[in-house]
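Just below is one structure, and these are the notes that go with it.
Rule-based calculations on the coordinates, nothing more; no lab input. Keep in mind that what you see is a predicted model, and the values were worked out from it rather than measured. All Cβ positions, glycine included, derive from the backbone under ideal geometry; neighbour counts span all protein chains shown.
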Amino acid sequence: MTNGAPAHSIFDKILSFIDFTNQNIFLTGKAGTGKTTLLKRIKEESSKKMVVVAPTGVAAMNAKGTTINSFFQLPTGSFFPGDISLENLQSGIVSIQSLVSDLSYSKEKQNLLNELELLIIDEISMVRCDLLDVIDAIFRSVRKNSSPFGGVQLLLIGDLFQLPPVTKREEWTFLSRAYASPYFFEAYVIRRNPVLQIELTTVFRQTEPEFIDILNSIRNNQISDSSLTLLNKRYDPLFSSSDELNPIIITSHNAEANTINKGKLDELPGTEYTFDGEISGEFREAGVQAEQSLKLKEGAQIMFIKNDSGENRKFYNGKIGKIKSIKDGQIYISFPQEEDLLLEKSSWQSFEYKTNPEEVIVQQQVGEFSQYPVKLAWAVTIHKSQGLTFDTAIIDAGKSFIAGQVYVALSRVRTLNGLILKSKISTESLRSNTEVISYMKPADEAELDQILVTEQEKFILQLVLDHFAFNRLLSGLDSIVTYPEIVKANLPEFKSLFAQFNKAVNDLITLSDRFQNQVKNLHKQTGFKDQAALQARIESARDYFKKEITVLLINPLNKNIRVKPKNKVQQQIQHLFQKYRQVIEHRIYLMEFASGLLKEAVRPQDYTAWINKHKLQVKPAKSSETQQTVNLQLF
């Protein structure tokens, strides 16, 4: 992607959707339109608690996140939706229903999933539909929230015209009973709850209008005979490399690229040097393109696999050079018409996400890999060229290329003159997936302003309604029930009491869900034009729930707290009950607070300011020593 951050109004609109709505978004765009740049900006500027994941180790490393399977602790293989008996499942396929029911996340992981506000999935084109349905089911279960993805906002980033999902033939034969195609948009949760499509259209990698038009027409299955003729003028089957021009070959298979690179290295005279990478902490090698054991010779063609992080950027991801010398542990790289560069080691970090004591999601480094940021570059696969930019490249769009991959290979190159075709390109090899073309319906930039206002209204209403969510009461109760000393004591009278509390809280959650859906349906009909009706409904709910919570929870708790404990276990239970009462009282406080949020009219021009003021969960002020404080971290 581009090194600079383009000043583009669409970027600001997308940031507004992220910070001031809960709208799920599919952010797409052609290769080189700034998707990576925008992702970096969102990570730096958004106030939401977020996690970044990707389908592969390489994609996760590029996005400075973690893999989907690692974050959600998922097994390898595929996942089948719906109710199906285990004996009818094919090997390598797991029932989503059984996977979710068998979840055993730690308290820390549950807390992380509950605090999460924004999940960013990079390279969404490679994510299969069944994986999104798994993520949806996990969030709904852990967060005890029946909204899509348990109320977590999703930002899906990628280009469906690039690398498709990987599916094993035998597994897809089974999954095709449920899904029309492997693409993410076939997931049940997406079909039922369509995401907003936003497309970045300004190309920063290619600047030639002619070449950009050709790439666009390939994406849309609309390449003309004249464009195809122009493209095939780059056909040069007899091209041979020289010291001045030795373009990289883009291939479709790893084995082919490895064979070419090893063969070229073996042809060079001189000593072969091996440089071993160093791993510290927890680091999965699959997540980085750098090699654990890097073999180089003087004269070897290499490419950089990382951007220079220094002030004077001397290389970028995909820049090609040549090993000029290896002496006394020092490696010098030469480039045409540039100064030689002393190669230095770089490091790659692996991360995991946790919540800190203030309930903020933090990304913690858990491992590091140190190695020279280069690899042999006579050939590279399409998958490994992901995110790279080449000045020149040789492309052999022959039998080994499947439909759709030619576009990916062509779009790695900056200019039409930088292309060298080893075989002619036919219309058949340019065929894009018809499902993708049918699905793509990005919103016009002009439409986004009105959609933003509508989604901001929904977000404001949800921020109010969130104060009527009682899931915390259930997780707080679970913490008491599973407390080791209480479990060990096995007291029948308290088992009965906990069952009573559990039923009461679950009934309250059911009623709250019904209330929230009623308010949302009322809002659908009138929006904020009849804000008084919404306000009246909220005040009525506040009064009802306060009464129910007092009768069903606070009064029985007080009754048990006042009884003199007979032993240490009962003393511990009373202490936990006191803490739990504080959590309940805090929820009542929040309902009181929420009931005043829409008393005054909220106008569209004030939506952003209102959200900024109220989106953080309000905690009771500590105005005196006698006021009870709330320790939400216990639960």
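Computed values, structure above
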quantity: The chain: angle of helix 568-594 to the longest principal axis, Cα-based, in degrees nearest 10; calculated: 80 degrees
quantity: Modelled FRET efficiency - R0 35 Å, residue 449 with residue 222, Cβ distances, 0.05 increments; calculated: 0.75
quantity: Global size of segment 426-559 as Cα Rg and Dmax, reported in angstrom; calculated: 23.7, 81
quantity: Stretch in the chain that is longest and holds no GluC sites (Glu not before Pro) that DSSP places in a loop and that have at most 13 other beta carbons within 10 Å; calculated: 1-243
quantity: Folded to 0 to 90 degrees: helix 445-465 orientation relative to the chain principal axis, Cα; calculated: 30 degrees
quantity: Within-11-Å neighbourhood charge of residue 251 [Cβ basis; K, R +1; D, E -1]; calculated: 0
quantity: Estimated FRET transfer efficiency (residue 438, residue 241; beta-carbon r; R0 41 Å; 0.05); calculated: 0.45
quantity: Reciprocal of mean inverse Cα separation for segment 296-378 (Kirkwood radius, Å); calculated: 14.7 Å
quantity: With Cα atoms, 0 to 90° folded angle of helix 209-219 axis to the chain main axis; calculated: 60 degrees
quantity: Ascending count of other beta-carbon atoms within 10 Å, so fewest first, for 391, 130, 543, 159; calculated: 543, 391, 159, 130
quantity: Length released on extending from residue 207 to residue 529, taking residue separation times 0.36 nm less the Cα-Cα span; calculated: 111.2 nm
quantity: Hits among aspartates and glutamates - C-alpha to C-alpha of residue 503 under 17 Å, sequence gap 8 or more where chains match; calculated: 478, 493, 513, 548
quantity: Whole-Å semi-axes of the chain's equivalent ellipsoid (Cα gyration tensor); calculated: 53, 28, 23
quantity: Inverse of mean 1/r across different Cα pairs in segment 457-634, Kirkwood, Å; calculated: 17.9 Å
quantity: Percentage relative contact order, the chain, counting C-alpha pairs under 8 Å, at least six apart; calculated: 14 percent
quantity: FRET efficiency, residue 232 to residue 12 (Cβ-Cβ, R0 41 Å, nearest 0.05); calculated: 0.50
quantity: Fewest-first ranking of 610, 378, using other Cβ atoms within 10 Å as the exposure measure; calculated: 610, 378
quantity: Length-normalised contact order of segment 120-238 in % [C-alpha pairs under 8 Å, at least 6 apart]; calculated: 27 percent
quantity: Relative contact order (percent, whole number), segment 457-634, Cα cutoff 8 Å, 6+ residue spacing; calculated: 34 percent
quantity: Between segment 177-205 and segment 498-539, the alpha-carbon center distance in angstrom; calculated: 31 Å
quantity: Loop-located trypsin sites (Lys or Arg not before Pro) in segment 276-357 whose Cβ has at most 12 other Cβ within 10 Å (DSSP); calculated: 313
